[in-house]
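Enquirer: Next up is a structure, given as structure tokens.
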Amino acid sequence: GYLAEGARADVLGATAAIRRTMTDVGWVVGATMAVGSATGVDGVASAAASLTGGAVTATNTVLFTTVLGAAVRTYSAWIRRKTGTGTVEMTKDGGVSWTDITSTLTTTYKQFSVVTASAANPVVGFRITTNTDAIEVDFNTLEAATFANPTPIPVNVSKAADALTYASAGNISGTQGVAYAEYMVPNSIVTYYIICDAAAVREVLGIGTM
């Protein structure tokens, strides 16, 4: 398969302490939430954060306040369950609203995301509702887009758009044959297909959805 991602940049913060370990002072830890270390998505020991809730749901929170102008953005993180079965939530507005991610949370890292309103200074983070429940979190990311980049953006690095190529010489005939391709747009459940011939005009013979 061929994965082509657009140019993206994280605007949450430029350090691993903000985006990965969550030890930066900008992360405000609730009175009953504990923050420790965890192995990251990349397999590096102590590169990510472990969040453990205590006895009071209201203070089982960890929140980060940004300093940004008004815009629609997507907050995402790679998350897996460490212990427990209780509710785990993400926020994009400092806890005014919470998005429940419990039903799809597993012991394997997966990306979860929420889209903010067009507002300045979004406050993002997590809440764990059950005493002693824990999750592990890596690559907290805030992007000026309506969906998250599907692979982690490295710390303090803007990701250039993918522009991969394949040499046609010796591999693809320019005079005969038919080409068939399927592609899917991010955040879409529709798969598109294109069929074209390989003649000089490269006529499109069909296009549709599956």
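The values are calculated or read from the model by the stated rules, or taken from the named source; none is laboratory data. Because the structure is predicted, anything quoted here is derived from the model rather than measured. Note that we place each Cβ from the backbone using ideal geometry, even for glycine, and neighbour counts take in every protein chain shown. Areas reflect the complete protein model, heavy atoms only, side chains present, ligands, DNA and RNA absent. Shrake-Rupley method; radii C 1.70, N 1.55, O 1.52, S 1.80 Å.
Enquirer: Could you check, for the stretch 2-25, whether at least one of its residues is under 18 Å from Thr129 (Cα atoms) and either outside any loop (DSSP other than H, G, I, E, B) or among the aromatic types (Phe, Trp, Tyr) (or both)?
Expert: Scanning the stretch 2-25, I find no residue that is under 18 Å from Thr129 (Cα atoms) and either outside any loop (DSSP other than H, G, I, E, B) or among the aromatic types (Phe, Trp, Tyr) (or both), so the answer is no.
Enquirer: Do we find a residue being open to solvent by less than 60 Å² (accessible area, probe 1.4 Å), at pLDDT below 75, in contact with a strand residue (DSSP E or B) (Cβ under 8 Å, 6 or more places away or on another chain) and not in a strand (DSSP E or B) anywhere in the stretch 188-197?
Expert: Scanning the stretch 188-197, I find at least one residue that is open to solvent by less than 60 Å² (accessible area, probe 1.4 Å), at pLDDT below 75, in contact with a strand residue (DSSP E or B) (Cβ under 8 Å, 6 or more places away or on another chain) and not in a strand (DSSP E or B), so the answer is yes.
Enquirer: Then there is this: Quick check on Glu5: is it over 26 Å from Ala120 (Cα atoms), acidic (Asp, Glu) and open to solvent by less than 50 Å² (accessible area, probe 1.4 Å)?
Expert: Here the answer is yes, as Glu5 does meet what is asked.
Enquirer: How many residues are open to solvent by less than 10 Å² (accessible area, probe 1.4 Å) and either at pLDDT 95 or above or among the acidic types (Asp, Glu) (or both) if we restrict to the stretch 149-165?
Expert: Of the residues in that region, 0 qualify.
Enquirer: Collect the residues in the stretch 59-93 that are over 16 Å from Ser118 (Cα atoms) and of a type in the set (Val, Ile, Thr), keeping them in residue-number order.
Expert: If the condition is that a residue be over 16 Å from Ser118 (Cα atoms) and of a type in the set (Val, Ile, Thr), then Thr59, Thr61, Val62, Ile79, Thr83, Thr85, Thr87, Val88 are the ones that fit.
Enquirer: Next up: From the list Gly6, Gly54, Gly13, Gly43, pick out the single residue that is under 18 Å from the mean Cα position of the chain (by Cα) and more than 21 Å from Ser158 (Cβ to Cβ).
Expert: Unique residue meeting the criteria: Gly43.
Enquirer: Gly125 passes all but one of (1) open to solvent by 30 Å² or more (accessible area, probe 1.4 Å); (2) within 19 Å of the chain's Cα centre (by Cα); (3) on the phi > 0 side of the Ramachandran plot; which number fails?
Expert: Looking at each condition in turn, Gly125 falls short on (1).
Enquirer: Kindly evaluate Phe139 against the criterion of being more than 14 Å from the chain's Cα centre (by Cα), within 17 Å of Ala38 (Cα to Cα) and among the aromatic types (Phe, Trp, Tyr).
Expert: So Phe139 fails the test.
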